[in-house]
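So the structure is just underneath, and the comments pick up after that.
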Amino acid sequence: MLPLETKKELAARLMAKCSEARLELLEGVMADVMPPVEEWPRKHIEQFLGDHVGFNARCNLFYFLTVNGFPPSMWAKWAEAQPGWLRFDKSAEHIASLLLALMSGDFEGETGKELKTAWCLENKQVVTVYTPNFAREDIGSPMSGYISGASIFTDAIDGLKMYAKKLPSKKAYGRF
């Protein structure tokens with residue numbers, strides 16, 4: 001029986017298959033806002049760096065990335081950087097709907113929807129997926145270079161919806 005590869009080895013193996021655009025995102029924005037991928041739980045490394053992320057994994061990964069500081073604007077960029085990671089239009093629309101639910105506070109358990117939790121790398125414990133305060137901020141001034149938090153979310157949602165239009169539908173492939 002082969003020994004289980006370390007998280008560092010797993011991340012290195014999966015990064016070797018990543019596009020240049022993905023590697024640039026990992027070394028740029030991601031390095032500035034999140035802990036290194038090698039420190040993440042194995043399943044999240046596989047989901048994030050893999051060549052495709054399915055429905056259940058998308059939900060799980062979304063909650064994990066949210067509590068660990070993944071910027072909303074990165075979702076479309078990350079998906080576009082690795083064609084196939086989101087295979088169908090509904091996949092991108094699904095992430096857009098998760099961002100909208102996050103922005104609306106649906107994951108906090110106070111709107112009648114199920115409370116969502118995820119592992120927080122900084123706290124080293126499971127935490128509630130809370131809506132960041134800036135997501136509700138709707139006053140900004142593009143002329144001064146200040147964009148409201150709500151705009152950051154709506155721009156990310158719009159970006160995912162535009163990306164969805166570039167993807168095939170499941171019906172086109174005979175999958176229902």
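The values are calculated or read from the model by the stated rules, or taken from the named source; none is laboratory data. Since the model is a prediction, treat every value here as computed from it, not as a measurement. Cβ sites come from the backbone with ideal geometry, for glycine too, and all protein chains shown count toward neighbours.
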Within the bounds of segment 101-115, is there any residue that is over 15 Å from the mean Cα position of the chain (by Cα), under 22 Å from residue 34 (Cβ atoms) and small (Gly, Ala, Ser)?
no
Residue within segment 106-118 that is at pLDDT 95 or above, assigned to a loop (DSSP other than H, G, I, E, B) and buried (at least 20 other Cβ atoms within 10 Å of the Cβ) present:
no
If you take the residues of segment 81-113 that are touching a residue at least 24 places away in the same chain (Cβ under 8 Å) and hydroxyl-bearing (Ser, Thr, Tyr), which of them is nearest to residue 152 (Cα to Cα)?
104
How many residues of segment 1-33 are under 21 Å from residue 96 (Cβ atoms) and either of a type in the set (S, T, N, Q) or surrounded by 13 or more Cβ atoms within 10 Å (Cβ to Cβ) (or both)? The answer is 5
Does residue 123 fit the bill of being at pLDDT below 90 and within 19 Å of residue 63 (Cβ to Cβ)?
no
